[in-house]
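Below is one structure, written out as structure tokens; the observations come after it.
The values are calculated or read from the model by the stated rules, or taken from the named source; none is laboratory data. Since this is a predicted model, take the numbers as computed values, not measurements. Please note: Cβ atoms are built from the backbone with ideal geometry, for glycine as well, and neighbour counts cover all protein chains shown.
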Amino acid sequence: MSESTRRRRYRYDRVMIEAARILSPQFDDAVLYFTGAQIELLRNVVEYLRRLETYTVEYHLGYYLTPTVEDYDDLMSIVANLEEKLMGNPNTIWGYKDTYSEVTAYTYYSTGGKQQQSDAVPEGYVYVLTGLSCYFTSGTCSAMYLQLETEHYTLRMAYDASPTVNVPLFVSGAFPLKEGEFITAAFVVDSQPCAVRLDLAGYKMVVP
């Protein structure tokens with residue numbers, strides 16, 4: 001594409017985006033929460049983002065240059081990805097719904113390996129866990145584990161080989177669980193009765 005073809009006159013009703021800021025973004029990836037009205041606005045903005053005149057790579061007196069063919073193709077690939085998400089890709093973590101918390105407690109009257117299990121994530125949701133802990137309030141344990149259970153594997157998130165009564169084994173971060181996944185707390189009970197707890201906190205995301 002020649003330079004003369006890439007020239008565009010400035011117009012007061014045209015908002016320009018610097019192509020370099022899209023091709024080399026200055027922000028890290030993030031999970032954002034949009035209202036229904038905001039999503040509708042963004043869906044319409046995508047049509048504007050397809051126009052070559054929207055993007056600039058050079059400013060000149062009286063005109064600016066739009067991207068090269070190669071850069072424009074890269075920009076359209078990014079726009080197409082955004083459009084797919086906005087139009088309801090079922091694999092997208094969509095929007096914040098509510099806070100999530102769950103506590104399970106049980107007293108064991110026998111020794112050996114024991115497990116506490118959270119509820120599985122229901123259909124239509126992703127749970128993002130931000131804090132997990134397990135501990136025992138009576139009896140003795142020789143080990144504690146926190147594990148993420150998926151359809152295909154078990155991921156051990158934390159382990160304490162010498163747990164102390166009323167001292168939690170704690171994990172913090174942002175751990176997404178999709179439909180059917182859950183958390184288990186495993187205890188090796190040495191003396192009974194042994195009262196144990198599993199505490200989970202985070203938030204729910206709706207998946208269309």
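List of remarks:
- Condition met for Lys97 (at negative phi, of a type in the set (D, E, K, R) and touching a residue at least 12 places away in the same chain (Cβ under 8 Å)): yes
- Residue in region 84-93 that is closer than 18 Å to Lys204 by Cβ, surrounded by 11 or more Cβ atoms within 10 Å (Cβ to Cβ) and not hydroxyl-bearing (Ser, Thr, Tyr) present: yes
- Looking across region 25-63, the residues that are touching a helix residue (DSSP H, G or I) at 6+ places or on another chain (Cβ under 8 Å) and within 18 Å of Val15 (Cβ to Cβ) come down to Leu42, Arg43, Val46, Tyr48, Leu49, Arg50, Leu52, Thr54, Tyr55, Thr56, Val57.
- Residue that is nearest to Gly124 (Cα to Cα), among those in region 146-205 that are in contact with a strand residue (DSSP E or B) (Cβ under 8 Å, 6 or more places away or on another chain) and among the hydroxyl-bearing types (Ser, Thr, Tyr): Tyr203
- Filtering region 60-79 to residues that are among the hydroxyl-bearing types (Ser, Thr, Tyr), out of contact with any Leu (no Cβ under 8 Å at 6 or more places or on another chain) and not in a helix (DSSP H, G or I) leaves Tyr63, Tyr64, Thr68.
- Filter result for the condition that a residue is within 23 Å of the chain's Cα centre (by Cα) and either modelled with pLDDT of 95 or more or not assigned by TED's automatic domain parsing to the domain that holds Phe34 (or both), over Tyr108, Tyr135, Tyr127: Tyr127
- Residue, farthest from the chain's Cα centre (by Cα), within region 1-58, restricted to residues that are polar (S, T, N, Q) and farther than 24 Å from Val126 by Cα: Ser4
- None of Glu58, Glu102 is within 30 Å of Leu198 (Cβ to Cβ) and either in contact with a strand residue (DSSP E or B) (Cβ under 8 Å, 6 or more places away or on another chain) or modelled with pLDDT of 90 or more (or both) except Glu102.
- Residues in region 1-54 that are in a loop (DSSP other than H, G, I, E, B) and aromatic (Phe, Trp, Tyr): Tyr10, Tyr12, Phe27, Tyr33, Phe34.
- The set of residues in region 99-135 that are assigned to a strand (DSSP E or B), farther than 15 Å from Thr184 by Cβ and of a type outside the set (Ser, Thr, Tyr) comprises Gly112, Val126, Val128, Gly131.
- Criterion applied to Tyr55, Tyr59, Tyr48 was being exposed (fewer than 15 other Cβ atoms within 10 Å of the Cβ), in contact with a Ser or Thr (Cβ under 7 Å, 6 or more places away or on another chain) and over 30 Å from Leu177 (Cβ atoms), and the one residue passing it is Tyr48.
- Within region 153-179, being surrounded by fewer than 16 Cβ atoms within 10 Å (Cβ to Cβ), farther than 21 Å from Tyr106 by Cβ and not charged (D, E, K, R) holds for Tyr153, Leu155, Ala161, Ser162, Ser172, Gly173, Ala174, Pro176.
- Qualifying residue in region 10-22 (condition: exposed (fewer than 11 other Cβ atoms within 10 Å of the Cβ), among the basic types (Lys, Arg), at pLDDT below 90 and out of contact with any strand residue (DSSP E or B) (no Cβ under 8 Å at 6 or more places or on another chain)): yes
- Any hit, region 138-152, residues being surrounded by fewer than 16 Cβ atoms within 10 Å (Cβ to Cβ) and among the aliphatic types (A, V, I, L, M): no
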